[in-house]
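The structure appears right after this line, and notes come after that.
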Amino acid sequence: MSLQMVSIVSNSSLLQPGFSLLNFDGHVFFFGQKGWPKRSCPTGVFLLDIKQNELKMKPAFFSKDSCYLPPLRYPALCTLRRDARADEYQYIIHGGKTPNNDLSDKIYFMSLVSKTNKKMTFQCIEKDLGGDVPEARYGHTINVVHSRGKSMSVLFGGRSYTPLAQRTTEKWNSVVDCLPSVFLIDFEFGCCTSYILPELQDGLSFHVSIARDDTIYILGGHSLQNNTRSPNLYKLKIDLPLGSPAVTCTILPGGISVSSAIVTQISDTEFVLVGGYHSDNQKRLVCNTIVLEDNKIEIVESVSPEWTPDIKHCRTWFGCDMGKGSVLLGIPGANKQLIPDANYFYILRCKGAEENKEEELITQICSQTSSEDPGDSTPFEDSEEFCFSAEANSFDIDDADTYNEDDEEDESETGYWITCCASCNIDINTWVPFYSTELNKPAMILCSSGAGHWVHAQCMDLSETMLLRLSEANVKYFCNKHVDLNKGLQTPQKVMCLKKQPMKPLRKKKTMKLSMSTKKSFLRRLFE
């Protein structure tokens, strides 16, 4: 094993506990940032570019027919294929925490729809389920099993908030273990079925699950009810005949009492177990090799790497599988660095360089390696891990698209839940969508007065037609407070006067003066 340090070039504050990594065609994508996405990357999904031990983040894109995927922390995710050996796959994402610390019970399918040299476009679809739908949770696992030509997803474990009827003021946001039920999800028909097995007595979270064909092995995990880490090794076998599925559970010897451990695959039948905790304050520095052969599992202790002094002496550590026998490990560095919430990162390679080649991974791994935030109300139980589940490669992509957090405005000023005006009535606890374009955030529009500020469209009494027109047109908008001021500051438009041609004066008629003798002569001739 070899251990090598990597540096985060920028945006290290986005790499906070609870996010996940998705691997599409060898490219690794970051998902699940802490806080709502900002304008530089509204999707909240980033491409992780690792070159020469440096990591950069670049915004990703979604197709127009995609649903909105919120940044979920601590979700359960795995890959779904048509069969165990299919090349094309998509990710299943279930549960997790939203930036508002609400728990999600939704399930999403995320797939790659187009790929170019500089742009990869995803599609996200929300699936509706019926039957015994799992409650909202986090810290659980989901796997896909294949039996008799059929495929089903298996969901187990996790934590959820205390039911409303049991909450008290002092422990309003406290969490509890979910019931140890096993959920079988048939996505073809959109139905769920729960199973209660006598071998599973206590709820588990932040455990490791490895799926192979029709069998799932569950190792370790933490139970809040009795504050223990289970030493049991559970074997779930799912048979999918033409009729009802059959689910059985067997407790095997040779388990490990650990939580928040990380598993990476080094061959078709071999895995390496790294990290985790023996107890709340004791890290597990021992590594194990897991071998799956002939429907059997064997766990043996393997050679551990030479851990650095920083890793040995830190209280917590975190990380997850990067694929192809590599693990990304991190230790908190907030007390040592000038940047708040910054961390040190290492890449642990469990295979030799000559073995690090392309290979098809038939076995699926779902390792949930995370726990609570420092800001959560629950006490610290496990490490604050990231959820890495993909391989990090070098990408020959233009650095011009690299996300730069310094370009963002302060979220406290441009957040969606600010008090935009004196009559603002947008409350994060009571808000419901008003416009058809809203999902989980209120629509906002920029007022161009002065340096500019954001206001809620609903507080400005904008109709949906006007809001769409303003978003499409390249015009400046002024809120109700500054619209009159803006009008007063406007310079009146200069009116072009028409040039009038001067009128010519009337000429006076010339009159002839006649003498008296001439007049008499004229009258004489007139009467003759």
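The values are calculated or read from the model by the stated rules, or taken from the named source; none is laboratory data. From a predicted model like this one, the values you see are computed outputs, not experimental measurements. Reconstructed Cβ throughout: ideal geometry from the backbone, glycine too, with neighbour counts over all protein chains shown. Just so you know, the surface numbers come from the protein's heavy atoms only, side chains and all, with ligands and any DNA or RNA stripped out. Shrake-Rupley method; radii C 1.70, N 1.55, O 1.52, S 1.80 Å.
Tabulated data
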{"read-out": "When residues of the range 448-457 are limited to those that are out of contact with any helix residue (DSSP H, G or I) (no Cβ under 9 Å at 6 or more places or on another chain) and buried (at least 18 other Cβ atoms within 10 Å of the Cβ), the one farthest from residue 478 (Cα to Cα)", "value": "456"}
{"read-out": "Residues of the range 165-203 classified as more than 18 Å from residue 243 (Cα to Cα) and among the hydroxyl-bearing types (Ser, Thr, Tyr), total", "value": "4"}
{"read-out": "Verdict on residue 145 being touching a strand residue (DSSP E or B) at 6+ places or on another chain (Cβ under 7 Å) and either assigned to a loop (DSSP other than H, G, I, E, B) or at positive phi (or both)", "value": "no"}
{"read-out": "Flag for residue 144 being over 19 Å from residue 104 (Cα atoms), open to solvent by less than 20 Å² (accessible area, probe 1.4 Å) and either of a type in the set (A, V, I, L, M) or in contact (Cβ under 8 Å) with a residue 12 or more places away in the chain (or both)", "value": "yes"}
{"read-out": "From the options 121, 116, residue that is over 26 Å from residue 201 (Cβ atoms), under 20 Å from the mean Cα position of the chain (by Cα), hydroxyl-bearing (Ser, Thr, Tyr) and in the same structural domain as residue 45 (by the TED database)", "value": "121"}
{"read-out": "Considering residues of the range 271-318 that are acidic (Asp, Glu) and touching a residue at least 40 places away in the same chain (Cβ under 8 Å) only, the residue surrounded by the most Cβ atoms within 10 Å (Cβ to Cβ)", "value": "280"}
{"read-out": "Any chance residue 210 is within 28 Å of residue 302 (Cβ to Cβ), of a type in the set (Val, Ile, Thr) and part of a strand (DSSP E or B)", "value": "yes"}
{"read-out": "Members of the range 30-40 that are buried (at least 22 other Cβ atoms within 10 Å of the Cβ) and hydrophobic (A, V, I, L, M, F, W, C)", "value": "30, 31"}
{"read-out": "Tally, over the range 150-197, of residues that are in contact (Cβ under 8 Å) with a residue 40 or more places away in the chain and either assigned to a loop (DSSP other than H, G, I, E, B) or not assigned by the TED database to the domain that holds residue 221 (or both)", "value": "10"}
{"read-out": "Filter result (in contact (Cβ under 8 Å) with a residue 40 or more places away in the chain and either among the aromatic types (Phe, Trp, Tyr) or open to solvent by 20 Å² or more (accessible area, probe 1.4 Å) (or both)) within the range 199-211", "value": "199, 206"}
{"read-out": "Cβ-Cβ under 9 Å pairs, at least 6 apart or on other chains, the range 453-482 side of a type in the set (Gly, Ala, Ser), far side open to solvent by less than 50 Å² (accessible area, probe 1.4 Å) and assigned to a helix (DSSP H, G or I)", "value": "457/467; 457/470"}
{"read-out": "Qualifying residue in the range 58-71 (condition: open to solvent by less than 50 Å² (accessible area, probe 1.4 Å), closer than 22 Å to residue 183 by Cα and either touching a residue at least 60 places away in the same chain (Cβ under 8 Å) or in a loop (DSSP other than H, G, I, E, B) (or both))", "value": "no"}
{"read-out": "Test: residue in the range 286-298 that is under 15 Å from residue 4 (Cα atoms) and not assigned by the TED database to the domain that holds residue 18", "value": "no"}
{"read-out": "Residue identified as open to solvent by less than 10 Å² (accessible area, probe 1.4 Å) and within 19 Å of residue 92 (Cβ to Cβ) among 159, 137", "value": "137"}
{"read-out": "Residues satisfying the stated conditions in the range 151-180, i.e. more than 22 Å from residue 223 (Cβ to Cβ) and either at pLDDT 90 or above or in contact with a helix residue (DSSP H, G or I) (Cβ under 9 Å, 6 or more places away or on another chain) (or both)", "value": "151, 152, 153"}
